[in-house]
1. Where does helix 240-251 land angle-wise versus the long Cα axis of the chain, in degrees 0 to 90, nearest 10?
2. Give me the number: length gained by fully extending Gln310 to Leu213, i.e. 0.36 nm times residue separation minus the C-alpha to C-alpha distance, one decimal in nm.
3. Measuring from centroid to centroid over Cα atoms, what is the spacing of segment 92-144 and segment 238-307 in Å?
4. Shape verdict for segment 160-275, please, from the Cα gyration tensor: rounded (a/c under 1.5), prolate (a/b greater than b/c) or oblate.
5. Indicate the gyration tensor shape class of segment 3-85 (rounded, prolate or oblate), computed on the Cα atoms with a ≥ b ≥ c the square roots of the eigenvalues: a/c under 1.5 is rounded; otherwise a/b larger than b/c is prolate and the rest oblate.
6. What aspartates and glutamates does Lys249 reach when the alpha-carbon gap must be under 12 Å and sequence neighbours fewer than 8 apart in one chain are set aside?
7. Starting from 0.36 nm per residue, how many nanometres of slack lie between Arg112 and Glu152 once their C-alpha separation is accounted for?
8. Please report the spacing between the Cα centers of segment 191-212 and segment 59-83 in Å, no decimals.
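FYI, it's all coordinate maths here, none of it is from the lab. Quick caveat: nothing in here was measured; it's all calculated off a predicted structure. Here the Cβ is made from the backbone with ideal geometry for all residues, glycine too, and neighbour counts use every protein chain on show.
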Amino acid sequence: MDFSELSRITSGHVEARIVQAAVQLGVFDALENGPLEPLHIASALHTEARATELLLNSLVAMQLLEKKQNNFSLTAASRIYLVTDGPQSLTGMIRFDASLWNCWERLAEAVRSGKPARAPNMYQGDARETETFINAMDSLVRARGDSEIMTEVLDWRGVTELLDIGSGPATYPIALCRRYPQLRATIFDLAATLDVTRRHIGAAGMEERISLLKGDYRTDLIPGHYDLIFLSNIIHGESYDENQRLMAKLYANLSAGGRLVVKDHILDTTRTRPPVGAIFSLLMLLTTQSGRCYGFDEIKAWLEKAGFHQVTQIDLPPPLTSSLVIGEKSFVS
């Protein structure tokens, strides 16, 4: 690593905060209908003119806006990802990242104490906080194209009953039910989350295909039997032992021949690669009781102890940064 790369890393928060402020102020939304001069943008945003122009120039420098004859306009990327109402808008995730700023500020304290920087309540304590978190998950998955990839990478033939644990906004079940007419989905999630989930399902017109079950997978029994059980970004929020218990519980919910699919950042045996997973573990330090990212060897051990066989890993294509771990339940016990 040379000086320039180190300098880029140590000042990376600056560019992140510029984008977060621009989204918060509505800069990209203001330019959705065409180029504008700085004074017109400041007037629309109710911001100070000089400060607004400084922000706009910085966004041009970051290649998120274009500037011609003192008129600012969207780039192709900002039109797709940074306009709030766009089908691939990432703004929900950007707003959530901005809400975590105070947590990251306390990283050194968390490393000293080993304790999270906020209440590890899965964003259930405040309705606005819950909605910000759940909408961020939907925003990220839609912007990145996760759902479309998931419909292709797994064989969904013969799957008629899907259980999605901790589904949040139901982005995956909605996409899968649209693609596969034989599929019905059940979502098991926390009460405050389901208030948001219900709105996403209603907007998609999927009330007849997707059922909601309220509960906490740590403590509550999960009713029903399913052909496939899906856990996306669940295990990184839990301890090793809690994940082991969850896999054993879910084994009983699978029909014979069924599959359990874990989607997460799957680390190698060094626990340093892929880098996104090693870094993400620090966010879990800040926001959960004892979560982190896990290696394939650890997940395989949980699944095999629970009774699963033929445990395999599938690495998902870019821009996704996660992998799948799949365990199968035998047709005979």
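1. On a 0 to 90 degree scale, this one is about 60.
2. Working: separation 97, 0.36 × 97 = 34.92 nm, distance 2.94 nm.
Going from the current span to full extension adds 32.0 nm.
3. 20 Å
4. Prolate shape, in that a/c is at least 1.5 and a/b is the bigger ratio.
5. Values: a/c = 1.81, a/b = 1.63, b/c = 1.11.
The shape class here is prolate.
6. Hits, sequence-local ones excluded: Asp220.
7. Numbers: separation 40, 0.36 × 40 = 14.40 nm, distance 4.38 nm.
Using 0.36 nm per residue and subtracting the Cα-Cα distance, I get 10.0 nm.
8. When both Cα centres are located, 35 Å separates them.
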